[in-house]
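J.: Can you read through this structure? Questions will come right after.
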Amino acid sequence: MAEVPLRDGLLLAGILFSLGLTGLLVRRNLIMVLMSLEVMLNAAGLAFIVAAARWHQADGQVMFLFILAMAAAEVAVGLALVRQIYERFRSLDVDALSAMKG
Amino acid sequence: MRLLWLIPALPLASAMVLALFGSLLSRRAAATLGAGSVGLSALVTTLVALDFSGAPPAGHSYTQVLWTWIKVGGFEPQIGFYLDPLSLVMVLVVTWVGFLIHLYSAEFMAEDDSYHRFFAYMNLFVASMITLLLANDLLLLYLGWEGVGLCSFLLIGFWYRVPANGAAARKAFIVTRVGDTAMSLGLFLLFTQLGTLQIQDLMQRVAAQWSAGSTYAVIAALLLLGGAVGKSAQLPLQVWLPDAMAGPTPTSALIHAATMVTAGVYLIARTHVLFAVAPSAQLAVAAVGAATLLVAGFSALTQHDIKRVLAYSTVSQIGYMFLALGVGAWQAAIFHFMTHAFFKALLFLGAGVIIDALHDEHSIFRMGGLRSELPVTFWTLLIAGCSLAGLPFITAGFFSKDLIIWEASAAEQGRLVFWMAGMLGALLTALYTFRLIFRVFFGPLATPVTKRPGLLMTIPLLILAMLSVVGGYLKDPLLVFLRPALPSTIESASGGLTEAQSGTIAALAFLIGLSLAYLFHLRRRGLAEALVANPIGHTLDQWWFAGWGFDRIYDKAFVQPFIWIADVNKRDFVDSFYTGIAWLSEFVYRGLSETETGRVRWYTFGMAAGSALFIIVVLAR
Amino acid sequence: MNFAFYISGAVAVIATLLMLTRVNVVHALLYLIVSLLAVAVVFYTLGAPFAAALEVIVYAGAIMVLFIFVVMMLNLGDRAAAMERQWLTPGIWRGPAVLAVVLILEMVYLLRSDAAILSTGAVDPQAVAIALFGPYLICVELASMLLLAGLVGAYHLGFHKAERRARA
């Protein structure tokens, strides 16, 4: 397999995470927000795999598996909620959901 | 004599019980407790008096120290009682007259809702007064002084639901406060200069350390005079006493006639050594007395309310006592105090009977012809009036008042002008007294009598009437008795009037006053109205009616500026501290509210930025 | 192999960037799938074939497809695209961009002295399975409970909507 410096792997994960965060903060469409969240989760999983490759152990992949399961459950519930929100507010604007203001 | 401490303790205990549990007691129980405690106190006083006069202790004084009150540095005032002829005489008068007045009020206040509160206050008053009289230490005296002031306030404003009564009570308290402040300044001066406030010690040190006319002595004496003037309602602080008539009549009888207003007289008599060392202060005492007796006498001549006539009369008679003190006739002042207590209390109680009988009518111009309706009251009040005016030889008032007037010229410190003032005052006294009697008891019946006094109200009247007559014959024994406590009056060497000459002129003054009153108020009442209608007469009448305009002067000079300053200061810069805190809180609140937008992206941004910041902080360490 | 790592890494980053800036949601989804596939390749180059397979099958294959289903169901249309264009102003990127740069810089700073090299050799599925059924057994159970919860939640949320429409 590749002999890549650990630094580069972690840096890649970091860049992907930051990009996901940026997307989360910038986009106003609820679907886009959820997608940015997925990107961030994926980046976290990448970090785990990189660490596993460093120590040549299976634990990283196990963690990745759990992250995956959690992401799946979260997406399922999240998308059901998106549908309910669309029913109620007739738009997918995240900023419209500000009843907790003040 | 060891029972001395019981004399103030009994009324005090009764006051506590009535204050705490009064509403649980029946009226009869409250009255029994209230009057009974003062009665017991009077009995104990009599026992102590018999013991004292039968077997006088060394130095004619007995001290009973209960405990040391405060112990701070060199200042160690004690709770102690000092009995000598002066305090004994005064306590006897206070307790017995007080007892009679309590008996009277048991029936007089019978219909009032706050029956037990009244007796609680009255008992507290008697306890404070006795503490004042028996005090061993000037600080304890001041405690009693303040106590009587408090009770005076509480009792004047007894019917507090009427706003005017509250205002009168406040006026009394504030005006006497001015005097009290002067007195406390005097106490400070005495303590800082002489190191003690224990009366006998203090007097010895005054005599030893301060020469005649020394500045400290004069200032201290004048400050004490200020206190006395406030409490005894003399010029210039006499304005509170006429308004204090808003209180129940037994209160007026006890506090504002017989006892509290004489506290000033007692103070000066007690500290006579200090006044002897400060002749100019003593002259001031006499001048105040002389001026007051004339001012009050003229004012009494024009009053309509029966109690206000008596109030101004009290101010005037205390002026006589101050005059006596001022010329060095110490024993005469105490003698007049005693007789005055008898007849003035009687006058007030009788006035109470009349007011009650005529269903709360106060104006003497709407009274008349009560001679046949209220016979007992008529005869007792006639005796009291004669005593006040000084009917020669029969009444007690004649002996005491004339002694003072004669001493005003004959004593070493006496002056002719004081004698003339006293004589004119005697004429005025006779005039206004008989004006009162003729208007109230003679002439046609103006207001019908709806209630007659019962036994509890009549018996005190009779006893006091008897004392008003008999008291005069106590003059010589009393003067002898008081000699160990108060120095004899030093007579001036030069000529001047003898006692007999002065007495004759006084009797003449009495007759002139009586005849003038007879003329204007019985024979031809039209003359009185004509006199008032006349322009000059009208102006004088209005001026004297308003107490020589003192109220108005004080209002313009002190009250209005004070109110103005308070109003201007309503929002001063100190307030801005508190409003500033409120404003700051609101500002921060508004600022923080802005951050709660309810938008998810904003919150996420906050979290992410916070984490970034935190990592930077961690990395920077 | 290093080459493959860097190329796929670059593809992943570029695809994510493109995803963020698309106005049409479906286009963004497709770019996201590309990004995920690139990351799967990265996994393989790092010696985690099992993870790579899972990434493709579960993440790109199931989760993303779920996204697409929902987007199609919502049927947003051109009006939504116009609104997106309105929202995506250039000025809006400033704050988050600063934040992202700060985070990346912090990371670079932290990693500056790390000289470790990732070791050779893959970790095959067998090793992962042994780990799962050994020390990580309880996590497996918890994960299954989590999925059950997700299932129930999604069902419940979807059910109520149908009920309301039935009542209305």
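The values are calculated or read from the model by the stated rules, or taken from the named source; none is laboratory data. Please read these numbers as outputs of a predicted model, since none were measured by experiment. Note that each Cβ is placed from the backbone with ideal geometry, even for glycine, and that neighbours are counted across all protein chains shown. Please note that ligands, DNA and RNA were not included when accessible areas were found on the heavy atoms of the full protein model with its side chains. Shrake-Rupley method; radii C 1.70, N 1.55, O 1.52, S 1.80 Å.
J.: Within the bounds of region B:207-219, is there any residue that is at pLDDT 90 or above and either in a helix (DSSP H, G or I) or surrounded by 19 or more Cβ atoms within 10 Å (Cβ to Cβ) (or both)?
T.: yes
J.: With respect to C:A40, is the statement that it is buried (at least 20 other Cβ atoms within 10 Å of the Cβ) and farther than 18 Å from A:I31 by Cα true?
T.: Yes: the conditions hold for C:A40.
J.: Name the residue, out of C:V71, C:V39, C:V25, that is of a type in the set (A, V, I, L, M) and modelled with pLDDT of 95 or more.
T.: Answer to the selection: C:V39.
J.: Provide a single number: the residues in region A:40-51 that are open to solvent by 10 Å² or more (accessible area, probe 1.4 Å) and touching a helix residue (DSSP H, G or I) at 6+ places or on another chain (Cβ under 6 Å).
T.: So the answer is 5.
J.: Mind listing just one residue for me: the one in region C:59-106 that is among the small types (G, A, S), surrounded by 13 or more Cβ atoms within 10 Å (Cβ to Cβ) and under 20 Å from C:T21 (Cβ atoms) and, of those, farthest from the other protein chains (Cβ to nearest Cβ)?
T.: C:A81
J.: I'm checking my understanding of the structure. Among residues of region B:275-296 that are open to solvent by 10 Å² or more (accessible area, probe 1.4 Å) and farther than 22 Å from B:V239 by Cβ, which one is nearest to the chain's Cα centre (by Cα)?
T.: B:L283
J.: Any residue at all in region B:232-249 that is free of Cβ contacts under 8 Å to residues at least 60 places away in the same chain and either within 13 Å of B:V175 (Cβ to Cβ) or under 14 Å from the mean Cα position of the chain (by Cα) (or both)?
T.: Looking for residues that are free of Cβ contacts under 8 Å to residues at least 60 places away in the same chain and either within 13 Å of B:V175 (Cβ to Cβ) or under 14 Å from the mean Cα position of the chain (by Cα) (or both), one finds none in region B:232-249, hence no.
J.: Out of the residues in region C:112-125 meeting the condition of being open to solvent by 70 Å² or more (accessible area, probe 1.4 Å) and hydroxyl-bearing (S, T, Y), tell me which one is nearest to the other protein chains (Cβ to nearest Cβ).
T.: My answer is C:T120.
J.: Quick check on my filter: what residues within region A:61-76 are open to solvent by less than 40 Å² (accessible area, probe 1.4 Å) and facing chain C (nearest Cβ under 7 Å)?
T.: A:Q61, A:V62, A:F64, A:F66, A:L68, A:A69, A:A71, A:A72, A:A73, A:V75, A:A76
J.: What residue, among those in region C:6-34 that are in contact (Cβ under 8 Å) with a residue 40 or more places away in the chain and crowded, with 18+ Cβ neighbours inside 10 Å, is nearest to the other protein chains (Cβ to nearest Cβ)?
T.: Among those residues, the one meeting the criterion is C:V25.
J.: Here is a follow-up. Kindly provide the set of residues from region B:308-326 that are surrounded by 24 or more Cβ atoms within 10 Å (Cβ to Cβ) and of a type outside the set (A, V, I, L, M), ordered by number.
T.: B:Y312, B:S313, B:T314, B:S316, B:Q317, B:G319, B:Y320, B:F322, B:G326, listed by residue number.
J.: Yes or no: B:G537 outside any helix (DSSP H, G or I) and either among the basic types (K, R) or open to solvent by less than 100 Å² (accessible area, probe 1.4 Å) (or both)?
T.: The answer is no for B:G537.
J.: Consider A:L11 carefully, then state whether it is surrounded by fewer than 21 Cβ atoms within 10 Å (Cβ to Cβ) and either more than 7 Å from every other protein chain (Cβ to nearest Cβ) or outside any helix (DSSP H, G or I) (or both).
T.: It is false that A:L11 is surrounded by fewer than 21 Cβ atoms within 10 Å (Cβ to Cβ) and either more than 7 Å from every other protein chain (Cβ to nearest Cβ) or outside any helix (DSSP H, G or I) (or both).
J.: Looking at region B:87-105, I want the residues that are closer than 18 Å to B:M321 by Cα and have a partner that is of a type in the set (S, T, N, Q) with Cβ atoms under 6 Å, at least 6 apart or on another chain. Which pairs are those?
T.: So the pair list comes out as B:V91/B:T45; B:V94/B:T259.
J.: Could you check B:G443 against (1) modelled with pLDDT of 85 or more; (2) of a type outside the set (S, T, Y); (3) open to solvent by 10 Å² or more (accessible area, probe 1.4 Å) and say which number it fails?
T.: (1) is the only condition that B:G443 fails.
J.: Here is a further query. Quick one: what pairs do we get from region C:75-87, first residue in contact (Cβ under 8 Å) with a residue 60 or more places away in the chain, second open to solvent by less than 60 Å² (accessible area, probe 1.4 Å), C-beta under 6 Å, 6+ apart or different chains?
T.: Correct list of pairs: C:E84/C:V23; C:R85/C:V23.
J.: Run C:Y109 past the list (1) among the hydroxyl-bearing types (S, T, Y); (2) more than 20 Å from A:G78 (Cα to Cα); (3) within 7 Å of chain A (Cβ to nearest Cβ) and report the number of the one that doesn't hold.
T.: (3)
J.: Condition test on C:L37, is it within 13 Å of the chain's Cα centre (by Cα), part of a helix (DSSP H, G or I), more than 10 Å from chain A (Cβ to nearest Cβ) and within 17 Å of A:G20 (Cβ to Cβ)?
T.: Here the answer is yes, as C:L37 does meet what is asked.
J.: Just to check your reading of the model, which residue among C:V128, C:V140 is open to solvent by less than 70 Å² (accessible area, probe 1.4 Å) and either more than 7 Å from chain A (Cβ to nearest Cβ) or not in a helix (DSSP H, G or I) (or both)?
T.: C:V140
J.: Please go through region B:5-35 and pick out each residue that is within 26 Å of the chain's Cα centre (by Cα), under 21 Å from B:W96 (Cα atoms) and small (G, A, S).
T.: Selection gives B:A9, B:A13, B:S14, B:A15, B:A30, B:A31, B:G34, B:A35.
J.: How do the pairs read when you match residues in region B:544-571 that are without any contact (Cβ under 8 Å) to a residue 40 or more places away in the chain with residues anywhere that are in a helix (DSSP H, G or I) and among the β-branched types (V, I, T), using Cβ under 9 Å and keeping only pairs 6 or more apart or on different chains?
T.: Once the first residue is without any contact (Cβ under 8 Å) to a residue 40 or more places away in the chain and sits in region B:544-571, its partners that are in a helix (DSSP H, G or I) and among the β-branched types (V, I, T) give B:R571/B:T579.
Conditions tested, residue by residue: (1) within 30 Å of B:E529 (Cβ to Cβ); (2) outside the structural domain of B:D243 (by TED's automatic domain parsing); (3) open to solvent by 90 Å² or more (accessible area, probe 1.4 Å).
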{"position": "B:F550", "(1), (2), (3)": "yes, yes, no"}
{"position": "B:D555", "(1), (2), (3)": "no, yes, no"}
{"position": "B:Q560", "(1), (2), (3)": "no, yes, no"}
{"position": "B:E586", "(1), (2), (3)": "no, yes, yes"}
{"position": "B:L592", "(1), (2), (3)": "no, yes, yes"}
{"position": "B:G598", "(1), (2), (3)": "no, yes, no"}
{"position": "B:W602", "(1), (2), (3)": "no, yes, yes"}
{"position": "B:F605", "(1), (2), (3)": "no, yes, no"}
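J.: Condition first: more than 24 Å from B:A182 (Cα to Cα), in a loop (DSSP other than H, G, I, E, B) and at pLDDT below 90. Can you find one or more residues in region B:317-330 that meet it?
T.: Yes, that holds for at least one residue.
J.: Would you confirm whether any residue within region B:184-198 is on the phi < 0 side of the Ramachandran plot, crowded, with 20+ Cβ neighbours inside 10 Å and not in a helix (DSSP H, G or I)?
T.: yes
J.: Further question on the same structure: Can you name every residue in region C:75-125 that is on the phi > 0 side of the Ramachandran plot and either part of a helix (DSSP H, G or I) or touching a Phe, Trp or Tyr at 6+ places or on another chain (Cβ under 8 Å) (or both)?
T.: C:G77
J.: Looking at A:V82, is it more than 23 Å from C:F69 (Cβ to Cβ) and not in a loop (DSSP other than H, G, I, E, B)?
T.: It is false that A:V82 is more than 23 Å from C:F69 (Cβ to Cβ) and not in a loop (DSSP other than H, G, I, E, B).
J.: Sort out which residues of region B:370-390 are open to solvent by 10 Å² or more (accessible area, probe 1.4 Å) and among the small types (G, A, S), and write them in order of number.
T.: Once the filter is applied, which keeps residues that are open to solvent by 10 Å² or more (accessible area, probe 1.4 Å) and among the small types (G, A, S), region B:370-390 yields only B:S372.
J.: Turning to a different aspect of this structure: What are the residue pairs meeting all of these: first residue in region B:509-525, first residue farther than 9 Å from B:A430 by Cβ, second residue open to solvent by less than 50 Å² (accessible area, probe 1.4 Å), Cβ atoms under 6 Å, and 6 or more apart or on different chains?
T.: Close Cβ pairs (under 6 Å, with a partner that is open to solvent by less than 50 Å² (accessible area, probe 1.4 Å)) amount to B:F520/B:A528; B:H521/B:R435; B:H521/B:F438; B:H521/B:R439; B:L522/B:F438; B:L522/B:F442.
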